[in-house]
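Working notes, beginning with the structure itself.
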């Protein structure tokens, strides 16, 4: 129900196809004028071969200098979402926000848990946008877009308020700032983590600053969609030493 | 000489004191209004005990919930720099730019190599700002500020143009964007890496985009000084497969 | 039809009510930490009396220091829009983009002409969000929200491509950048004006830069919604001297 | 003395030469990728003829479409500054900050008053960077750079704290946000104006928001130097109605 948090545990992500599609564009957010001039002819589609036995992806056919270029398969879900609450038509599945959506964060992988704010009765979960692998930022606008079988479980934490989506992996707790610029996303990820440390670990404002100052790990998660994303990770091993 | 690149290899960083000083402030760049209100009373000095045998730092005295909080010592240099070329007085040592300076990047550690653009005869290298450990962003404005013995070697690559400073570790090549906002620093780090891949690996614009799209790893290096920093890392293992 | 431009001429805006509603909040985009702390208790509704004979609006009741505060009525339309083209549900009426929408630009007044990109057969024009007056930025999140009678005419320019919406007043041509940050909106407004000067005035890139450098007037139009807006105005008197 | 405010009244700005120098570049901050590609060959010097009798400037020689292009002369000072207080060497005269400096704001003209924070005994005022005219933003990196005779008077307000420089014209009070991005400059200009309204007009936080929401006028003052500038103007006529 609205006011709850949906807990989505990603149990298994299994690639079920031997190819993926991407491109060689670079998102506007990555371009200063030098780079804009350099890549002005880019934008063509690139096909990747997925070798599931070897666990690698290779461009198919490869460009001249990429004949031996192979990247590890790291299947992930680009989209996972509760339905946003709105009196109007909901945003499309290419967008993101407090409800989750098209976050394109490459640690939403097998074993990860995603926490989403519930805004509608029944939460109305959806997921998709299977990526065989993706660098930080999803710079090409597309990752290695493919198909996969997904197993996940869903749980509910009643009466809990969170900001933007949270993620938990074996090793880290992670807040995700999603906003119109990297600078604003950075503030949001930091503020959400401060709230998490305050609520679940009972830290004071001074303690929060000490933990963030010594333990923050920030990545750019995405620049390819309307919101930019920055994630803030804190190691669970470090948090385990906190006195509650 | 101007037009050359200075290659600084950090051979050894040895902590030589058993304490460091930091604080519990949070930099303005990290604050949205919620967090600004939450930490408005912060700003006091925090002393850290450095246990070099155990390899850990602990707040001294610790706040209530941080009684068992201990972080690994990861000594790093906040500042490393050639002198900027300028007809005017140079910027202070708190600033950063194409010449290096106060970059506060927590991978400038023992074993790293830093490449700096030379703007003056003799390059006029300086370094300092010893940090016993630092989270991404140097959120407190100060890291664990301390003292250390530094061993480094200096080499020159004649007649080479680079943009902002580059860093190389055992595992990665890294470009560093230093600019007035995270959004601009992001563009700069990306553009500098594109130039690196073009010049040293002979990649075409299309190949550059494919490698960045699948292999980029972006961190926020710093928000505590006048420039914000974003670093872009590409794995050397991956680059080793490129056909030159 | 898609590919055309819709020309909306605002003939008459007549206030038809003697009150408006606003509030005393300040949008997050306007707050640094000092200001966030200062206004942390703000957020209450403010009623304004509209004296249409005198042409002024006054807070009702006024706060202590605003007993004689009166602002000129300058009726404007916050929203004017063609329907966006999308396979998905359209964005809500609180959003903005190439299609127009909730732009909250205080020069969309009687006498102004708005040019909108058509993305659907029939264009599907809508308008609303009547403001009795509004400062730049719509800082309170609400302007003086009221009701008005609107007269406008609609025309079509076939087969013309524009970027974000354009506005024309008696004195100026105006491009509007709408994007996730002021920095990105600034680039967009500038780029759109460069296109306008190139297409309709046949200026070369060098001439465009000379006209912009000497004649640009930039305002912040809005910060209160998902997109920030910056407008770029060029005086028609100045353009009249250009040799086509 | 440090802690005072320097009041600089610009009495007279008289052009004393019949030419100025500018260029046809566009600053990086104005370029999205479309515009970067469009102007990639720009960057040449442009000479302007100043006709002081007619009060106009014209490109000399003019490009094809600018044969009749003439802009009004509006002499202004790009730089006006107290010396910054620093234990290190001061920033160069191309930079700006709380001390003033290279602000390139086109309303710092004859009749304007500039308020600067004093950081050194004697304040150590300097001024220069004579512009015959300049559009908002100083997009070319250079305005119409020329020479002029300057008459100004200097006064002191003892024991007064201000943030970034303030400007007063016949019609407006103006705060200037100078920061690494337009988004941050916008916050700073707004926060400084809130302080001004609080201190000199005794407004409460709610009243400040009402005055800003209905009366703010924001311009982009500059994008051509290290700091971006946004100015916030409030009409003195409106302020005259406030009850102190």
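The table that follows gives values for the structure above.
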item: Residue-averaged beta-carbon neighbours from other chains (10 angstrom radius) around D:55-64; result: 2
item: Shielding by partners, peptide A:199-208 (average Cβ within 10 angstrom, other chains); result: 5
item: Cα centroid separation, the stretch B:1-73 to the stretch C:198-214 (Å); result: 51 Å
item: Between helix D:182-201 and chain D: long-axis angle, C-alpha atoms, 0 to 90°, nearest 10; result: 40 degrees
item: Quotient of C-alpha Rg and 2.2 N^0.38 Å, computed over the protein assembly as shown; result: 0.94
item: Among C:64, C:188, C:145, residue whose mean-square fluctuation peaks in a GNM of chain C (springs only between Cα atoms under 10 Å); result: C:64
item: Helix-only [θ]222 nm of chain C, DSSP H runs n ≥ 4, -39500 (n - 2.57) each, per residue, nearest 500; result: -5000 deg cm²/dmol
item: Cα gyration tensor of the stretch D:110-232 - equivalent ellipsoid semi-axes, whole Å, descending; result: 25, 20, 14
item: Angstrom value of the Kirkwood radius, inverse mean 1/r, which spans all Cα pairs in the stretch D:1-90; result: 17.0 Å
item: Label geometry 7 Å along the beta-carbon vector: residue D:120 inter-copy distances in nm; result: 2.0, 6.3, 6.4
item: Shielding of C:127-136 by partner chains, average beta-carbon count, 10 Å; result: 3
item: Binned Cα-Cα distance frequencies in the stretch B:75-168 - 10 Å width, integer %; result: 16, 50, 29, 6
item: Ellipsoid equivalent to the stretch C:174-222 - semi-axes via the Cα gyration tensor, in Å; result: 20, 11, 9
item: Candidates C:49, C:65, C:219, ranked by Gaussian network fluctuation over chain C, Cα under 10 Å, top entry; result: C:65
item: Degrees separating the helix C:205-215 axis from the principal Cα axis of chain C, which is the longest one; result: 30 degrees
item: Residue A:240-residue A:1 FRET efficiency (beta carbon distance; Förster radius 30 Å; 0.05 resolution); result: 0.40
item: Spin-label model distance (nm) - residue A:53 vs residue B:49, 7 Å beyond Cα toward Cβ; result: 5.8 nm
item: Alpha carbon convex hull of chain A, volume per residue in cubic angstrom; result: 151 Å³
item: Across the identical copies, how the residue A:45 labels are spaced - nm, sorted shortest first, 7 Å along Cα→Cβ; result: 5.2, 5.4, 6.5
item: Coarse-grained scattering of the stretch B:65-105 at q = 0.21, 0.25, 0.32, 0.35 Å⁻¹, given as base-10 log I(q)/I(0) from a Debye sum over alpha-carbon atoms; result: -0.68, -0.83, -1.10, -1.21
item: Whole-Å distance, taken between Cα centres, linking the stretch B:154-181 and the stretch C:109-137; result: 49 Å
item: Other copies of residue B:85: label-to-label distances in nm, shortest first, labels 7 Å along the beta-carbon direction; result: 3.6, 5.0, 6.0
item: Closest approach to the axis - chain B beta-carbon, rotation onto D, Å; result: B:180, 1
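Read the figures in this text as sums done on the coordinates, not as results from a lab. Model, not experiment: these values are computed from the prediction. Methodologically, a virtual Cβ is constructed for each residue, glycine included, from the backbone with ideal geometry; neighbour enumeration extends over all protein chains shown.
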